[in-house]
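Undergrad: Dumping the structure here so I can ask a few things about it.
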Amino acid sequence: MKKILTIMCMALTFGTTLSAQQLEKLFDKYMEDERFNYVYQKRANMMDRLADMGNMEGLSMEKSLESSGRQMLTLNSTDIVLDENFTKEVENALKSDKYEQVSIVRNGKNRVETYEKRNDKEITKVSFIKNPGNIIITLNRYALRNK
């Protein structure tokens, strides 16, 4: 009985680890695809961080956060099917990774959704910009430092 419980716990832990990396897999999948523009920045600079967090929040959190990198994928396409499929992939990855939606801004057909996920070690923020013919997703990681 103990062996069965141990195996089940290990399988659950392994499954959780796999599902928690869907968004990263999406970036890996499309980073070399010529239909996408890809940007990777190991450590974002101070101005990038302030822009990501909003000036007031950034100033108050500055001492506790350290950027641990950012990635961006941009799909510039007139292929409606590709737009729809990529959008569904991103939405499924965000759901699978258990990101919390923290804001939505819509202007006509243009839409910006912001997501966030926190744990003991880092805060991950995602911006998902959906404009007809132009889809952008950014992933920003911030390591929490001890105060």
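Undergrad: Using a 10 Å cut-off around each Cβ, can you sort 27, 86 from fewest to most neighbouring Cβ atoms?
TA: Details: 27 17, 86 22.
Ranked by crowding around the Cβ, least crowded first: 27, 86.
Undergrad: Based on other C-beta atoms within 10 Å, arrange 136, 80 from fewest to most. Numbers along the way, then the final one.
TA: Numbers: 136 17, 80 10.
Lowest count first: 80, 136.
Undergrad: Ok, one more. Please report 87, 78 as a ranked list, fewest other C-beta atoms within 10 angstrom at the top and most at the bottom.
TA: Values: 87 15, 78 9.
So the ranking, lowest neighbour count to highest, is 78, 87.
Undergrad: On to the next question. Could you tell me which of the pairs 95/121; 109/130; 25/109; 88/130 are separated by over 19 angstrom between their Cα atoms in the structure shown? Show your work: numbers first, answer last.
TA: Values: 95/121 21 Å; 109/130 8 Å; 25/109 28 Å; 88/130 11 Å.
Violating the 19 Å Cα-Cα cut-off are 95/121; 25/109.
Just so you know, all these numbers are worked out from the coordinates, no wet-lab data involved. Note that the coordinates shown come from a computational prediction; the quantities given were computed from them, not determined experimentally. We place every Cβ from the backbone using ideal geometry, glycine too, and count neighbours over all the protein chains shown.
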